[in-house]
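What follows is one structure encoded as structure tokens, with my remarks underneath.
The values are calculated or read from the model by the stated rules, or taken from the named source; none is laboratory data. What you are looking at is a predicted structure, and each value in this text was computed from that prediction instead of being measured. Backbone-built Cβ (ideal geometry, glycine too); neighbour counts: all protein chains shown.
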Amino acid sequence: MAYSGLASFVKHLEKETELQLVNAYVNPVLEIAEITDRIVKSGGKALLFKNNGTQFSILINAYGSDKRMLLALNRKSYDDAASEIETLFNNITGGGRSIFDKLKLLPDIFGVASYLPTFSKGKGKCHEVIEMNPDLSILPILKCWSYDGGRFITLPMVHTIHPLTGKTNVGMYRMQVIDNKTTGMHWHLHKTGANHYEAWKKENRRMPVSVALGGDPVYAYSASAPLPENINEYILAGFLRKKRVKLVKCLTNDLYVPEDADFVIEGYVDPAEDLFMEGPFGDHTGFYSLTDLYPKFHITCITHRKDAVYPATIVGVPPQEDAWLAKATERIFLAPVKMALQPEIVDFHLPDAGVTHNLLVVKIDKTYPGQGMKTLSALLGAGQMMFTKYIIVINSNVDIRNYDELARHIFANTSFADDIIFTKGPLDVLDHASDTFSFGGKMGIDSTVKMSEERVKPPKTYLPAGLSVYFDIDKIIGDGIAVNANVELMQKGIPVVIFSVNIAADADIVKKLKSRIKIADLSGLVIAVDSAINPNNTYTAVWHMLGNSDPLRDHEFIGNTLFIDGTTKIFRQEGFPRRWPNIVCSDDDTIKAVDNKWNSLELGDFLPSPSLQLRLLKHDGKDEAIKTRQNII
């Protein structure tokens with residue numbers, strides 16, 4: 001079924017027992033994020049906060065499971081949507097057909113046309129209440145994390161139009177509240193919204209902008225999907241919901257928004273105006289995005305449904321709700337990726353720990369020598385994949401979502417000397433580990449099964465003959481090195497060791513660790529992370545390494561070992577040329593406040609805060625080794 005507004009989706013979530021109501025008062029400033037973080041990480045349900053100091057309920061974690069994601073997409077399975085898209089692409093793009101065969105495809109083409117949005121100049125449900133003297137304080141806008149620069153609208157569908165071509169775009173760009181009539185507009189330089197902004201700036205004209213919140217939950221997914229520029233997001237939404245989207249004209253500008261949206265915030269951006277220092281914001285990387293200059297959005301009108309529900313999400317240290325949005329994308333968009341980029345691609349996967357742009361695993365149908373390297377070369381600069389730091393290509397029948405099976409395949413088919421390539425290229429602007437903003441190193445790993453033409457000599461094996469030979473902890477701990485290590489992976493036949501080291505106390509500890517690795521003659525992959533990370537928590541350690549490393553700068557081959565330094569770089573003797581963000585976690589007062597009111601929330605058994613461990617990574621200025629405190633957020 002297609003939903004008309006979030007209230008209808010809420011009713012369906014209740015019917016499917018996928019919703020928990022919270023009737024006790026919860027503050028939108030910090031407390032809702034802390035509660036949601038506990039619920040998301042424990043695999044809990046969607047939450048509806050009914051008592052938050054405003055007239056509107058807050059719906060959050062609505063996408064945070066496979067079941068709820070599929071309910072939002074109006075699908076029984078991800079493969080359902082993916083197979084429909086693949087069939088459509090194959091039919092329309094396939095060659096060698098007669099004119100009679102092509103005529104048979106017309107129903108498919110017209111079927112897509114039936115999902116194109118319609119446009120009306122009349123009013124919609126989103127106009128049931130009209131506030132021509134707009135005031136953002138009527139909305140329960142969240143402040144998620146203690147270092148956030150303020151309250152942020154986190155699930156906005158931002159509508160813009162190019163002044164010359166007339167092409168429209170719907171993007172999801174967070175909006176920091178400046179005052180009751182103004183927000184920031186955080187569109188990254190690579191995004192279509194920023195492209196439209198630059199075009200309006202050249203025209204020396206005000207840029208109309210309208211923001212929709214809510215409506216059918218498939219709208220927000222479509223706004224976040226990696227569609228090609230100038231492809232209308234509401235075509236995808238109509239296709240997924242099997243019902244065209246009705247768009248209505250805004251009241252104070254000429255943009256069109258979904259008539260069943262819960263809220264519409266209309267206004268403009270003035271390119272001639274000074275930019276606003278936006279942020280910080282606890283972002284989906286698990287670190288705060290740094291303050292930077294972005295345009296201001298001036299509000300001219302707010303409208304909403306009478307039964308409006310305010311949609312929100314939180315991001316931070318994964319896994320969070322956005323992990324399921326990314327999962328839907330990797331499954332639904334497999335066919336377009338194969339056809340537009342590489343036909344040999346069988347599957348691809350964005351592990352949660354890679355926060356969508358740090359790690360990509362691609363499976364191909366390999367038929368000739370060098371095909372793995374060819375795929376790497378193509379993907380390192382293709383579309384949204386140009387932001388990816390680590391890309392691994394495999395083939396065979398390996399399940400790329402079974403990480404133990406995947407890891408064993410990688411080490412059995414990878415020669416560190418021959419199968420790894422390094423390059424530089426654009427990075428997501430949220431990447432903090434590179435020496436320069438939005439540009440840095442990348443690593444490509446060809447872990448396909450090699451053909452005879454690809455191997456001059458037998459590859460070295462990284463699988464240990466015996467753990468005692470492979471790993472002697474006494475050879476590592478010495479010369480004042482205090483480390484913790486994860487040996488569980490080796491016991492599974494995976495030659496990976498994760499060390500946690502206190503670089504804040506000893507700026508040379510990584511250099512000392514590498515020298516001891518050389519003495520111990522290890523063979524495999526060695527990862528170093530900060531001492532606050534439990535190395536036996538592989539998920540968190542891998543997330544930390546991926547976020548804190550530049551693959552080109554932070555790797556070193558030490559004999560048969562590939563070493564990757566995933567520690568915080570500001571503590572090094574040479575320092576770091578950029579600001580370094582803090583970890584995203586709740587403060588002690590917020591944790592205590594939620595602990596005290598947990599029973600009144602009626603959310604089941606008590607859940608401790610995930611921030612209790614993560615806050616050990618915070619740089620609060622008390623560490624005696626912090627010599628570059630001014631470079632930390």
For Asp419, all conditions in the list (1) over 18 Å from the mean Cα position of the chain (by Cα); (2) surrounded by fewer than 19 Cβ atoms within 10 Å (Cβ to Cβ); (3) over 25 Å from Tyr173 (Cα atoms) hold save one; what is the number of the exception?
(2)
Residue ID - surrounded by the most Cβ atoms within 10 Å (Cβ to Cβ), chosen from residues in region 362-387 that are of a type in the set (A, V, I, L, M) and within 21 Å of Met451 (Cβ to Cβ)
Val362
For region 549-565, give me the residue count where each residue is within 21 Å of the chain's Cα centre (by Cα) and surrounded by fewer than 24 Cβ atoms within 10 Å (Cβ to Cβ).
1
Single unsatisfied condition, Leu546 versus (1) touching a Leu at 6+ places or on another chain (Cβ under 8 Å); (2) in a strand (DSSP E or B)
(2)
Yes or no: Ala272 part of a loop (DSSP other than H, G, I, E, B) and over 22 Å from Val10 (Cα atoms)?
yes
Can you name the condition, by its number, that Ala528 falls short on among (1) modelled with pLDDT of 90 or more; (2) of a type in the set (Gly, Ala, Ser); (3) in a loop (DSSP other than H, G, I, E, B)?
(3)
Given the conditions (1) within 21 Å of Ala433 (Cβ to Cβ); (2) assigned to a loop (DSSP other than H, G, I, E, B), which single one is not true for Phe563?
(2)
Checked Leu164, Leu155 against criteria (surrounded by fewer than 21 Cβ atoms within 10 Å (Cβ to Cβ) and among the aliphatic types (A, V, I, L, M)); the one match is Leu164
Of the conditions (1) buried (at least 19 other Cβ atoms within 10 Å of the Cβ); (2) in contact with a helix residue (DSSP H, G or I) (Cβ under 8 Å, 6 or more places away or on another chain), Pro280 satisfies every one except a single condition; which number is it?
(2)
Looking only at region 579-622, and only at residues there that are surrounded by 14 or more Cβ atoms within 10 Å (Cβ to Cβ), out of contact with any strand residue (DSSP E or B) (no Cβ under 7 Å at 6 or more places or on another chain) and among the hydrophobic types (A, V, I, L, M, F, W, C), the one that is nearest to Asn502 (Cα to Cα):
Leu616
Tell me which residues, restricted to region 14-71, are closer than 23 Å to Ala593 by Cα, of a type in the set (Ser, Thr, Tyr) and over 22 Å from the mean Cα position of the chain (by Cα).
Tyr25, Thr54, Ser57
Output the number of the condition that Val264 fails; it satisfies all remaining conditions of (1) in a strand (DSSP E or B); (2) among the hydrophobic types (A, V, I, L, M, F, W, C); (3) in contact with a Pro (Cβ under 7 Å, 6 or more places away or on another chain).
(3)
May I ask you to list pairs of residues, at least six apart or on different chains, whose Cβ atoms are under 8 Å apart, with the first in region 58-71 being over 13 Å from His12 (Cβ atoms) and the second being outside any helix (DSSP H, G or I) and of a type in the set (Gly, Ala, Ser)?
Ile58/Ala312; Ile60/Ala46; Ile60/Ala312; Asn61/Gly44; Asn61/Ala46; Gly64/Gly44; Gly64/Ala46; Ser65/Gly43
Kindly indicate the residue of region 9-45 that is in contact with a helix residue (DSSP H, G or I) (Cβ under 8 Å, 6 or more places away or on another chain) and among the β-branched types (Val, Ile, Thr) and also surrounded by the fewest Cβ atoms within 10 Å (Cβ to Cβ) among those meeting that condition.
Val22
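So, restricting to helices (runs of 4 or more DSSP H) that lie completely within region 53-149, which ones have at least 1 residues that are exposed (fewer than 15 other Cβ atoms within 10 Å of the Cβ), at negative phi and at pLDDT 65 or above?
Counting at least 1 such residues, we get 66-73, 78-93, 106-113.
Table: residues versus (1) β-branched (Val, Ile, Thr); (2) closer than 15 Å to Gly193 by Cβ; (3) at pLDDT below 95; (4) crowded, with 23+ Cβ neighbours inside 10 Å.
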{"position": "Gly214", "(1), (2), (3), (4)": "no, no, no, yes"}
{"position": "Pro217", "(1), (2), (3), (4)": "no, no, no, yes"}
{"position": "Ser224", "(1), (2), (3), (4)": "no, yes, yes, no"}
{"position": "Ala237", "(1), (2), (3), (4)": "no, no, yes, yes"}
{"position": "Thr252", "(1), (2), (3), (4)": "yes, no, no, no"}
{"position": "Pro258", "(1), (2), (3), (4)": "no, no, no, yes"}
{"position": "Val264", "(1), (2), (3), (4)": "yes, no, no, yes"}
{"position": "Tyr268", "(1), (2), (3), (4)": "no, yes, no, no"}
{"position": "Thr303", "(1), (2), (3), (4)": "yes, no, no, yes"}
State yes or no: is Asp428 within 30 Å of Val315 (Cβ to Cβ) and acidic (Asp, Glu)?
yes
